[in-house]
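Structure first, then comments.
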Amino acid sequence: MLPRILMPILAVSLLFAVFSGPGAVVVSAQQQQQQEQSEGFFDVGLHREMSTLTEAQSPKALSGHVLLTFEGDSSTRYVAAAFEHEDFSELHTYRIVRNEMPDPDDPSETVQTKVFVLDYPIPEDLERLEYRIVVDGLWQTDPTNPDVERGANGVRMSTFSLPERSPTDDEIPRVRESGEVEFIFEPDLREGIETVDGRRFNLSSERGLNVSVAGSFNNWDPYMHELKEAEDGVYRLKIRVPRGQHTYYLVVDGRRIVDPENPERSRHRDGFAVSSFVVP
């Protein structure tokens with residue numbers, strides 16, 4: 001039997017045949033922003049990184065993702081990454097990002113750059129990533145990453161140490177690898193609550209509130225998912241959410257608020273603030 005890291009190679013020739021036709025998806029930073037906005041999500045940190053990316057760089061942790069890049073050359077058409085914790089069974093395709101930079105030979109002119117990019121959600125309960133990349137059908141280590149080790153099968157793999165995460169039970173919402181997400185709202189009458197447009201108001205009571213959650217995972221429907229008052233003044237809801245990064249706000253007695261217990265925030269396409277979380 002083939003080692004598990006080599007088994008996906010049998011499928012790469014078929015994948016390469018598919019992707020070598022029209023080539024990889026090409027987006028500019030502006031197109032990436034428009035795509036995220038159409039989905040109701042726009043992460044400022046990721047967009048800023050994409051809009052200034054003109055060459056491949058070493059892996060970076062940003063906004064709950066690991067950013068992997070590859071430069072290649074004009075003939076490179078397909079790049080993907082496979083990870084040890086997924087048994088190398090899934091290929092995550094990079095997309096091409098094009099930006100402009102001053103021409104080294106003539107600063108008054110600009111040239112267009114081409115960088116392959118993968119923003120991979122940071123998995124929960126994992127201290128580091130071990131991975132290999134596939135470039136036009138050929139498996140290799142990541143040339144932007146100097147950290148390389150040999151795996152149990154003697155195959156060289158790139159490694160990347162992940163930033164420490166706070167214990168999941170201390171985070172709100174509470175996110176499980178299974179995709180289960182628990183939203184918890186416990187208002188404090190001593191502190192004002194912030195709406196999505198930056199205004200503040202005070203609740204007259206902690207009990208008997210109508211609380212729901214609207215987000216990218218339920219088409220921003222404020223009636224679909226209601227938090228129940230499980231105990232006096234504490235509202236809870238558990239739902240299963242698809243993998244990836246999501247944004248949301250809470251609706252409390254008809255007012256849209258950012259989650260006061262969640263420090264992770266970004267902007268909706270319409271400009272108001274939203275809370276965010278990642279399902280790895």
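The values are calculated or read from the model by the stated rules, or taken from the named source; none is laboratory data. Predicted, not measured: the structure shown is a model, and the values here were computed from it. Because the Cβ atoms are built from the backbone with ideal geometry, glycine has one as well, and the counts that use them run over all protein chains shown. The accessibility values were calculated without ligands, DNA or RNA, using every heavy atom of the protein model including side chains. Shrake-Rupley method; radii C 1.70, N 1.55, O 1.52, S 1.80 Å.
Computed quantities for the displayed model
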item: Among the residues listed as Glu191, Glu229, the single one being open to solvent by less than 80 Å² (accessible area, probe 1.4 Å) and either of a type in the set (D, E, K, R) or touching a Leu at 6+ places or on another chain (Cβ under 8 Å) (or both); result: Glu229
item: Among the residues listed as Glu49, Glu86, the single one being crowded, with 20+ Cβ neighbours inside 10 Å, at pLDDT below 95, acidic (Asp, Glu) and closer than 25 Å to Asp147 by Cα; result: Glu49
item: Conditions (1) at pLDDT 95 or above; (2) part of a strand (DSSP E or B); number of the one not met by Ser276; result: (1)
item: Of all residues making up segment 93-137, the number that are open to solvent by 20 Å² or more (accessible area, probe 1.4 Å) and either at positive phi or not in a strand (DSSP E or B) (or both); result: 7
item: Residues located in segment 235-280, provided they are open to solvent by 40 Å² or more (accessible area, probe 1.4 Å), touching a residue at least 60 places away in the same chain (Cβ under 8 Å) and charged (D, E, K, R); result: Arg240, Arg243, Arg255, Arg256, Glu261, Glu264, Arg267, Arg269
item: Selection count where residues are assigned to a loop (DSSP other than H, G, I, E, B), in contact (Cβ under 8 Å) with a residue 60 or more places away in the chain and in contact with a Phe, Trp or Tyr (Cβ under 8 Å, 6 or more places away or on another chain), scope segment 178-227; result: 4
